[in-house]
Protein chains: 2
Amino acid sequence: MKISVIKIGGNVIDFPEKLDEFLGQFAKFPGHKILVHGGGIMASRFGESLGVMPEMVDGRRITDKDTLDVVTMVYAGLINKNIVAKLQARHVNGIGMSGADGNIIRSKKRPVKGIDYGYVGNIEEVDTDLIKHLLNGGLVPVLNAITHDRKGQLLNTNADSIASALATSLAKDHEVKLYFCFNKSGVLIDEKNESSIIPRINEDIYAELKQENVIHSGMIPKLDNAFAALHKGVHHVWIGKAENLLLSTKGKLSGTIIESHKYDLF
Amino acid sequence: MKISVIKIGGNVIDFPEKLDEFLGQFAKFPGHKILVHGGGIMASRFGESLGVMPEMVDGRRITDKDTLDVVTMVYAGLINKNIVAKLQARHVNGIGMSGADGNIIRSKKRPVKGIDYGYVGNIEEVDTDLIKHLLNGGLVPVLNAITHDRKGQLLNTNADSIASALATSLAKDHEVKLYFCFNKSGVLIDEKNESSIIPRINEDIYAELKQENVIHSGMIPKLDNAFAALHKGVHHVWIGKAENLLLSTKGKLSGTIIESHKYDLF
C-alpha cells in the first residue's frame with residue numbers, strides 16, 4: 001500500500017478560503033491519504049475569550065489544565081469536525097481522530113527539565129493497525145494534535161511530530177510519502193524570493209548548503225526532522241505551500257523534495 | 001452479533017465522579033457496545049463564558065452559528081475525547097465519533113415551521129457498516145450529538161434520537177438492546193418513590209397505565225420513543241439510572257424494561 005501523510009497548520013486552518021481551497025486539492029489527491037492538522041490562532045482566540053491567557057516561558061507555550069481544555073475543544077472539536085464535514089461534502093470519507101481514539105498515539109507528559117510545559121505529550125507509541133484498517137476500507141483519517149497517555153490524561157502534542165511518527169510507523173510495511181505544508185514555497189536559495197526553490201535535497205546537498213550558509217536557521221530543524229523520517233524508512237518528504245500540493249503529484253516544481261537517494265550534483 | 005447501545009446525558013456527564021463511576025460500569029458491560037452521549041450544562045457554561053447566550057424560543061434552545069461552534073467544541077471535543085481517554089485507561093478501546101466521521105449519520109437541517117431552530121439536525125440516514133466493522137475489530141464507538149448534512153454543514157442533534165436511530169439501523173441484522181440512562185430509577189408507580197419501579201412494560205400494560213394515569217406526562221414521549229424502537233426491531237429498551245446499568249445485565253431489578261413481548265398481567 002502507498003500512503004501519503006499530509007500535514008497542515010495555522011497558515012491554512014486560520015483562513016476559511018485557504019482551507020476550502022486546500023481541501024479541494026486534498027480531495028483530488030490520489031491514493032491512500034491521511035490528513036494531520038494543528039491548531040493555529042483559533043485556540044488562542046477562544047482561550048482569550050474564555051479568560052485563558054496563553055502563558056509563555058522562554059517563548060514556549062505552557063499547556064495548563066484550562067489551556068488543554070481549550071485546545072481539546074478547538075483542535076478535536078471545532079477544527080477536526082468541520083474539516084471532516086467539508087471532506088464529506090466532497091465525497092471524501094473522512095474520519096476524524098485524536099491519538100486517544102482507538103489508542104492510535106500514546107504519549108507521555110513531557111518530563112520537567114527546568115520548564116514544566118504542562119499537559120504536553122512526547123509521542124511514545126503509534127498503533128497503525130486501525131489506520132491501515134480504515135485506509136483499506138476507503139476511509140481518510142483526519143488526525144488532530146491531541147494524544148493521550150493511556151492513563152486517562154489527554155495531552156497537547158506537536159502536529160509535525162504526529163505526522164512524522166505516523167509516517168515512520170506506517171513506513172515499516174508501506175511506501176509512505178510525507179508532506180509538510182507551511183508558509184514558504186519550499187527550501188529557498190534566497191529567502192526573499194519564493195521562486196528560488198531548491199527542488200531536491202539529499203544529505204550530501206544538505207551538508208553543502210549548510211556549509212555555504214544557504215539554508216537559514218529556521219529551516220534546519222525542519223530538514224533535520226525530514227532526514228530523521230527518511231532514516232526511519234519514509235520514501236520522501238515534501239515541504240511547500242498547501243496551494244501547490246496537487247502540483248507536487250504531477251512531477252512539477254512545487255516545493256522541495258527531501259530524499260535519501262544519492263546522486264551527483266552535476 | 002449482539003449489540004448494546006447505551007445513552008447517557010447531562011445527569012452523568014456534568015458530574016466528574018458520576019461519569020467515572022459510570023465509565024467503570026460501562027467498561028465491565030459485557031459484549032459489543034456503543035456509547036452515545038449528549039452535552040449537559042457544560043456547553044451552556046462555556047457558551048456563556050464566550051458571550052454566546054442560550055437563545056430560547058417557546059422553551060426550546062435555538063442553535064445559531066456561535067452556539068453550533070460551542071456545542072461542536074464541547075460535545076465532539078472536550079466531552080468526547082475525555083470519555084475516550086478515560087475508557088482507554090480502563091483498557092476499553094474507545095473511538096470517538098460524530099455523525100460526520102465516516103458519514104455515519106446524515107441529517108437535515110430542521111425545516112422552519114414557525115420557529116427556526118437554527119443548526120439543528122433531523123436524522124435522515126444511518127450507515128452502520130463502519131460501526132459494525134469497528135465492533136468486529138473490538139473497538140467501542142463513542143458517539144456525540146453532532147451530525148452533518150453531507151453538504152459541509154455540521155448540525156446539533158438530539159442524543160436520544162441518535163441512540164434510537166443507531167439501534168434501529170443495527171437491529172436490521174443484529175440483536176440490539178437500547179439503554180437510556182436518565183435521572184429516575186425507571187418508570188415509577190409513584191413518582192416520588194424511586195423504589196416503586198415498574199420492572200417490565202409492554203404495549204398492553206402501557207395502555208392500562210396510561211388509562212389509570214399512573215404514567216406522568218414527562219414519561220410518555222420517552223415510552224413512545226421506546227415502543228417506536230421496538231417496532232423497528234430493537235430487542236428491548238431499558239430505562240433507569242446510570243449507576244444501575246450493570247445490575248440490569250444480571251437480571252436484577254434495576255430499571256424498567258420496555259418490550260414487545262406479550263404476556264398476561266396475572
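Distances, shortest first, from the label point of A:GLU21 to those at the same position in the other copies read 5.5 nm; the point lies 7 Å along Cα to C-beta. Ranked by how many other Cβ atoms sit within 10 Å of their own Cβ, fewest first, the residues A:LYS241, B:LYS172 fall in the order B:LYS172, A:LYS241.
Across A:LEU68, A:LEU130, A:LEU23, mean-square fluctuation computed from a Gaussian network of chain A (C-alpha pairs under 10 Å connected) peaks at A:LEU130.
Dividing the radius of gyration of the alpha carbons in the range B:1-148 by their Kirkwood radius gives 0.99 for Rg/Rh.
Each copy carries A:LYS172; placing its label point 7 Å along the C-beta direction from Cα gives inter-copy distances of 3.8 nm, listed from smallest up. Across all directions, the average projected area of the convex hull around the alpha carbons of chain B is 14.7 nm².
For A:LEU68, neighbours were defined as the other residues whose beta-carbon sits under 14 Å from its Cβ, and their charges (Lys and Arg +1, Asp and Glu -1) total -1. The rotation axis taking chain A to chain B passes closest to this chain A residue's Cβ, listed with the gap in Å: A:GLY77, 1. Partner shielding of A:144-153 amounts to 4, given as the average count of beta-carbon atoms from other chains within 10 Å of each residue beta-carbon. Placing a label point 7 Å from Cα along the Cα-to-Cβ axis, A:GLY251 is separated from the same position in the other copies by 7.2 nm, shortest listed first.
Other residues with beta-carbon under 13 Å from the beta-carbon of A:LEU178 carry, at +1 per Lys or Arg and -1 per Asp or Glu, a net charge of +3. For an R0 of 45 angstrom, estimate the FRET efficiency from the Cβ-Cβ distance between B:LYS250 and A:ASP129 and round to the nearest 0.05. Efficiency, rounded to the nearest 0.05: 0.85. Pairs exceeding a 25 Å alpha-carbon distance, out of B:LYS7/B:LYS172; B:LYS33/B:LYS241; A:LYS192/A:LYS222; A:LYS7/B:LYS81; A:LYS177/B:LYS81; A:LYS108/B:LYS7: A:LYS177/B:LYS81; A:LYS108/B:LYS7. The sum of -39500 (n - 2.57) across all DSSP H runs of n ≥ 4, divided by the residue count of chain B, sets its helix-only mean residue ellipticity at 222 nm to -9500 deg cm²/dmol. Applying a DSSP loop filter and a limit of 10 other Cβ atoms within 10 Å to the GluC sites (Glu not before Pro) in the range A:134-218 leaves A:GLU212.
If you plug the beta carbon distance of A:ARG45 and B:SER217 into 1/(1 + (r/R0)^6) with R0 = 41 Å, you get a FRET efficiency near 0.40. Highest mean first, the peptides A:85-91, A:221-227 sorted by other C-beta atoms within 10 Å per residue fall in the order A:85-91, A:221-227. DSSP bridge analysis restricted to chain A gives an antiparallel fraction near 40%, rounded to the nearest 5. If you take all other residues with their beta carbon under 10 Å from the beta carbon of B:ASP149, and give Lys and Arg +1 and Asp and Glu -1, the sum is +4. Paramagnetic label reach from A:VAL112 (point 7 Å along Cα→Cβ; backbone nitrogen cut-off under 18 Å): within the range A:59-93, residues A:60-68. Rounded to the nearest angstrom and listed largest first, the equivalent-ellipsoid semi-axes of the protein assembly as shown from its Cα gyration tensor are 48, 22, 21. Using only alpha carbons, the range B:167-266 has a radius of gyration to Kirkwood radius ratio (Rg to Rh) of 0.95.
Bear in mind that the values in this text are calculations on the coordinates, not laboratory data. No experiment lies behind these values; they were computed from the predicted model shown. FYI the Cβ positions are ideal-geometry reconstructions off the backbone, even for glycines, and counts take in every protein chain you see.
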